[in-house]
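Have a look at the structure below, then the notes.
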Amino acid sequence: MARHLREELLGRAHAGTLTVRNDPEASPTPFPFKVAELPGTVSEPDVTAARRRVCDLGFLRTPVRGPRGLVYRCASEPVAAYVRKGGTAADAEGKRCLCNGLLATIGLAQRRPGGRTEPPLVTIGKDLSFLPRLSPDASPYTAADVVEFLSAGAGGR
């Protein structure tokens, strides 16, 4: 996760002000996910509204048979394109681009014309009770720290 997002998330979690909400509408897949509400991310309606819908990475596109053969569609692509490929506008309503959003979350946001960059989409579970034990002072931690923490809880060192 990009440092500024990680610091914001940890700070809010430790202060007890982090809000994580289940957003069953946002996912372009059938699987709902939980969104951390952080400034500058697509958790904010203004950020979502300012983002031009685009599906240019396509990791979650679904193959469907159309009148001209096989096509790939994603509920987070432009609504007209999704409908042209046999989807419905209702199914595309409120969908977010996970591919671009998650890459932006790790600091690999695509740059768009006019100097815009893709906004991050931070997903996380609602149970953050482990954070005070993993990072008592809200300091950054590594994947190795997490493995050690989990191993200790499972009878490891």
Among the chymotrypsin sites (Phe, Trp or Tyr not before Pro) in segment 106-157, which ones are in a DSSP loop with at most 14 other Cβ atoms within 10 Å of the Cβ? Mind listing them? PHE130
Using a Förster distance of 22 Å, how high is the FRET efficiency between PHE33 and PHE59, based on the Cβ-Cβ distance and rounded to 0.05? 0.90
Can you return the lysines within cross-link range of LYS126? Criterion is Cα-Cα under 29 Å, with same-chain partners fewer than 8 residues away left out. LYS34, LYS95
Got a number for the accessible area of SER151? Probe 1.4 Å, square angstrom, nearest 10. 50 Å²
Using heavy-atom solvent-accessible surface (probe 1.4 Å) with all chains present, what is the largest-first order of ILE106, ILE124? ILE106, ILE124
Determine the share of the chain's accessible area contributed by carbon and sulfur atoms, expressed in whole percent, with a 1.4 angstrom probe. 56 percent
Using a 4.7 Å cut-off between beta carbons, which cysteines in the chain end up with no partner cysteine at all? CYS97, CYS99
Just one of (i) 1.03; (ii) 1.21; (iii) 0.95 is Cα Rg over 2.2 N^0.38 Å as worked out from the coordinates here. Which one is it? (ii)
Using protein chains only and a probe of 1.4 angstrom, how many square angstrom of LEU10 are accessible, to the nearest 10? 0 Å²
From DSSP H assignment alone, runs of 4+ in the chain each adding -39500 (n - 2.57), the sum over residues rounded to the nearest 500 puts [θ] at 222 nm at -8500 deg cm²/dmol
Calculate, for the chain, the solvent-accessible area per residue in square angstrom, rolling a 1.4 angstrom probe over the heavy atoms of the protein chains. 60 Å²
Filter the trypsin sites (Lys or Arg not before Pro) in segment 77-131 to those in DSSP coil with at most 12 other Cβ atoms within 10 Å of their Cβ, and list the result. LYS126
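What do you get for GluC sites (Glu not before Pro) in segment 1-76 restricted to DSSP loop and a cutoff of at most 12 other Cβ within 10 Å of the site's Cβ?
Sparse-neighbourhood loop GluC sites (Glu not before Pro): GLU25.
The values are calculated or read from the model by the stated rules, or taken from the named source; none is laboratory data. Just so it is clear, the structure is predicted and the values come from calculations on it, not from any experiment. Cβ: placed from backbone, ideal geometry, glycine included. Neighbour counts: every protein chain shown. For accessibility, only protein heavy atoms count, side chains too; no ligands or nucleic acids. Shrake-Rupley method; radii C 1.70, N 1.55, O 1.52, S 1.80 Å.
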